[in-house]
Amino acid sequence: MEKFEKKQQLYEGKAKKVFATENPDYVIVSYKDDATAFNGQKKGTIVGKGVINNKMSNMLMAMLEKKGVPTHFVEQLSDRETVVKKVQIVPLEVIIRNVAAGSFSKRYGVKEGTKLSIPTIEFSYKCDELDDPLINDYHALALNLATEQEIARIKELAFKVNDLLIEFFKHLNIDLIDFKLEFGRFHGEVILADEISPDTCRFWEAGSWDTEKHVSLDKDRFRRDLGGVEDAYNEVFKRLTEGE
Ligand code: UDP
């Protein structure tokens with residue numbers, strides 16, 4: 001197997017650093033414990049988050065890859081570091097929702113925990129200065145953010161990921177409320193990139209979404225100052241690894 005050597009840092013984001021390797025097709029991501037919310041206005045640390053998100057995201061990407069979803073995952077190097085394919089990120093945050101929560105509930109006046117009649121998809125334009133505004137397919141095309149074929153493929157993959165993740169988490173007694181995906185271009189193909197973790201998904205204790213008091217096992221514990229943030233990340237990870 002190819003040996004991957006960490007070269008210069010290419011980028012530092014809110015939750016990860018990215019390093020070059022000798023191979024131009026691959027980069028190494030390093031997960032931090034830093035947590036931010038509300039476009040960076042709220043900052044904090046979730047101890048051990050980087051390790052959990054790294055391992056969890058890799059397990060989920062490997063599972064998805066096996067089921068036919070192309071992903072950027074290549075090889076886990078250590079607790080916090082993973083080799084991934086170097087993609088050009090499509091500047092869209094792709095959000096799938098099964099149950100109303102967060103900004104959807106606020107925007108449309110729907111009580112959190114209301115089951116949606118069908119899973120929904122929405123796009124935000126990835127742009128911190130503009131606060132990641134909601135956009136539609138036509139806007140994305142008009143702004144040359146992606147092609148029509150890419151958008152069609154992204155939708156197809158995102159809904160497939162939803163079906164697979166719902167089923168996967170059901171076995172762990174967790175309801176997948178909503179999540180955010182990012183896609184990238186790699187040698188002309190659209191593949192799943194970024195991460196899938198409690199930072200990017202809403203995980204609720206099974207069945208608790210139809211009660212007033214759902215139990216969040218995700219970053220909402222940090223966003224909403226609910227306490228037990230580390231415990232929630234640890235709990236999801238424990239269930240994920242117990243099943244192995
Ligand atoms: N999300 C994310 N990054 C973002 C915005 C949202 O990972 O920058 C995830 C979030 O964790 C949730 C889903 O996308 O699982 C939908 O988030 P929503 O639009 O409701 O925004 P929020 O209420 O988190 O501001």
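The values are calculated or read from the model by the stated rules, or taken from the named source; none is laboratory data. Note that this is a predicted model, so its numbers are computed, not measured. Positions of Cβ are backbone-derived with ideal geometry, glycine not excepted, and every protein chain shown enters the neighbour counts. When the accessible area is computed, the model is the full protein with side chains, heavy atoms only, and any ligands, DNA or RNA have been set aside. Shrake-Rupley method; radii C 1.70, N 1.55, O 1.52, S 1.80 Å.
Please compute the volume of the convex hull spanned by the alpha-carbon atoms of the chain and report it per residue in Å³. Can you show the working numbers first?
Numbers: hull volume 32.7 nm³, N = 244.
Spelled out: Cα convex hull of the chain, divided by residues, is 134 Å³.
Given a 1.4 angstrom probe, what's the average accessible area per residue across the chain, in square angstrom? Write down the numbers at each step before the final one.
Values: 12120 Å² over 244 residues.
Using a 1.4 Å probe on heavy atoms only, each residue of the chain averages 50 Å².
Above 20 angstrom, tally the Cα pairs of region 75-161 and express them as a % of all pairs, no decimals. Don't jump to the answer; show the numbers that get you there.
Numbers: 1830 of 3741 pairs.
Every Cα pair in region 75-161 considered, those over 20 Å come to 49 percent.
Taking the Cα centre of the chain as the origin and placing charges on Cβ (Lys, Arg +1; Asp, Glu -1), which of Trp209, Ile154, Pro198 is farthest toward the positive end of the dipole?
Projecting each Cα onto the dipole axis, the largest value belongs to Trp209.
Give the separation of the Cα centroids, region 124-166 to region 23-40, in Å.
Rounded to whole Å, the Cα centres lie 20 Å apart.
Using just the helices of the chain, give the 222 nm mean residue ellipticity in deg cm²/dmol: DSSP H runs with n ≥ 4 each add -39,500 (n - 2.57), and the total is spread over all residues, rounded to 500. List each step's numbers first, then the result.
Values: 6 runs with 72 residues, N = 244.
Helix contribution divided over all residues of the chain: -9000 deg cm²/dmol.
Which one, Leu92, Phe38, Leu176, is farthest towards the positive end of the dipole of the chain when Lys and Arg carry +1 and Asp and Glu -1 on their Cβ?
Phe38
What's the magnitude of the charge dipole for region 65-143 around its Cα centre, counting Lys and Arg as +1 and Asp and Glu as -1 at the beta-carbon? Answer in Debye, nearest 20.
Charge dipole of region 65-143: 400 debye, to the nearest 20.
Report the gain in length on full extension from Ile166 to Gln9: 0.36 nm times residue separation, minus Cα-Cα distance, nm rounded to one decimal.
Result: 53.0 nm gained on full extension.
I need to check one value: relative contact order of region 111-244, counting alpha carbon pairs closer than 8 Å and at least 6 residues apart, in percent.
Numbers: 141 pairs, mean separation 22.2, N = 134.
The value is 17 percent.
With N residues in region 165-212, what two-decimal value do you get for its Cα radius of gyration over 2.2 N^0.38 Å? Write out the running numbers ahead of the final one.
Working: Rg = 13.8 Å, N = 48, 2.2 N^0.38 = 9.6 Å.
Working it through for region 165-212, the quotient is 1.44.
Calculate what fraction, in whole %, of the accessible area of region 1-75 sits on carbon and sulfur atoms when a 1.4 Å probe is rolled over the protein chains. Each step should come with its number before you reach the end.
Working: 1940 of 3770 Å².
Accessible surface attributable to carbon and sulfur in region 1-75 totals 51 percent.
Which value, in Å³ per residue, describes the convex hull spanned by the Cα atoms of region 108-244?
Numbers: hull volume 20.1 nm³, N = 137.
Given the Cα convex hull of region 108-244, per-residue volume reads 147 Å³.
Evaluate the charge dipole of region 84-126 about its Cα centre and quote only its size in Debye, nearest 20, assuming +1 on the Cβ of each Lys and Arg and -1 on the Cβ of each Asp and Glu. Provide the component values of the computation, followed by the final result.
Details: 8 positive and 3 negative charges, 20 e Å.
In debye, rounded to 20, region 84-126 gives about 100.
Quantify how much of the Cα-Cα distance distribution of region 6-108 extends past 23 Å, in percent. Working shown, then result.
Values: 1981 of 5253 pairs.
Tail of P(r) above 23 Å: 38 percent of Cα pairs.
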